[in-house]
Amino acid sequence: MSFYFPPEVEIKIFQLVFETRPYVPTDIHLATVCKYAQARSIEPILYKTLQFGFMGRHSAPEQEEKFTFTLTSKPRSFFKQHVKNIFFILNVSDEFIMDVLSACSGVRHLGVWGLTLGGLDMLELIHSLPLRSLDVGIDTLALINQLLLEMTTITYITLSLEQIEQLFDEEDIALDTVLNSFPCLTHVVLTVDVCSNLVTWVLRGIIGIVTKSLQSLMILLEGTPGMRRTPAARIESYKAKWKGLDSRIEVMNKPQLGPVELWEERIMNSEGNDFSWLKI
């Protein structure tokens, strides 16, 4: 049986289906959800979130080739207006990242996993973007600070205790050299190996640096060796310990999602200052 809906209904159906897997739009079979006649209305939804690299259906070089062609087929104003979230995972070339970020100059949320964003041109480009949240490696954050690139638009940032520990083992630097470039932070997420003795020290450092603007500091527990999730009773003990440092600290198990799903959950509804996901 065939069903025929008005264009506005088809577009709404498409949007609802798309939002279940926004990072793999080809999985929802565009042609089965809406007519080609609505392509112009659908495209802004498709391009809101872009993901490149390791977890795609195609290899990173294939993705780069296909999207480089896409960049030449549409005006730059289209990407500036519609692309809001970009995620790069492993094996993506610096040149391609530069091309994408140059075209998508209205991006609000940037995530880069498994890559170090180095080079003055790259970091100055990131500095020029109207970003609200940044999820990159601690080494990239340190480079931003070294170049004195103050990023006043960013209110949300993700840190990894493991990366902090590795960086401090390799170089004699202080935590403020990582965070001083972000004077307007309101929300900080810290992923934590609960076995580490550094947790309290890092929490005190974060609170001391961004204490005036900070609204919430979420600790995501990675779990202990041989234990996928931290038991509720232990979480409560950590809460009692760490919330004693500051009432804005929250503690929870890291969601059992893949890296892209987790990132999407973080930023899907985080326009403006709506970071309700922090209170899951």
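The values are calculated or read from the model by the stated rules, or taken from the named source; none is laboratory data. Keep in mind the model is a prediction, meaning the values are calculated, not measured. Heads up, the Cβs are rebuilt from the backbone with ideal geometry, glycines too, and the neighbour counts pull from every protein chain shown. Accessible surface areas use protein heavy atoms only, side chains included; no ligands, DNA or RNA. Shrake-Rupley method; radii C 1.70, N 1.55, O 1.52, S 1.80 Å.
Could you tell me whether residue 135 is acidic (Asp, Glu), open to solvent by 10 Å² or more (accessible area, probe 1.4 Å) and either modelled with pLDDT of 90 or more or touching a strand residue (DSSP E or B) at 6+ places or on another chain (Cβ under 8 Å) (or both)?
yes
So, residue 101, is that one open to solvent by less than 40 Å² (accessible area, probe 1.4 Å) and modelled with pLDDT of 90 or more or not?
In short, yes.
Out of all the residues in the range 152-168, which are over 16 Å from the mean Cα position of the chain (by Cα) and surrounded by 19 or more Cβ atoms within 10 Å (Cβ to Cβ)? Walk me through how you get there before you give the answer.
Of the range 152-168, the ones over 16 Å from the mean Cα position of the chain (by Cα) are 152, 161-168.
Correct list: 161, 164, 167.
Tally up the residues in the range 100-119 that are hydroxyl-bearing (Ser, Thr, Tyr) and closer than 13 Å to residue 78 by Cβ, please.
Residues that pass the stated criteria total 1.
For the range 62-88, give me each residue that is open to solvent by 20 Å² or more (accessible area, probe 1.4 Å), outside any helix (DSSP H, G or I) and touching a Lys or Arg at 6+ places or on another chain (Cβ under 7 Å).
Within the range 62-88, 84 is the sole residue that qualifies.
Please verify whether residue 33 is among the hydrophobic types (A, V, I, L, M, F, W, C), modelled with pLDDT of 90 or more and either under 15 Å from the mean Cα position of the chain (by Cα) or more than 28 Å from residue 177 (Cβ to Cβ) (or both), treating the condition exactly as stated.
No: the conditions fail for residue 33.
From 83, 112, which residue is hydrophobic (A, V, I, L, M, F, W, C) and modelled with pLDDT of 90 or more?
83
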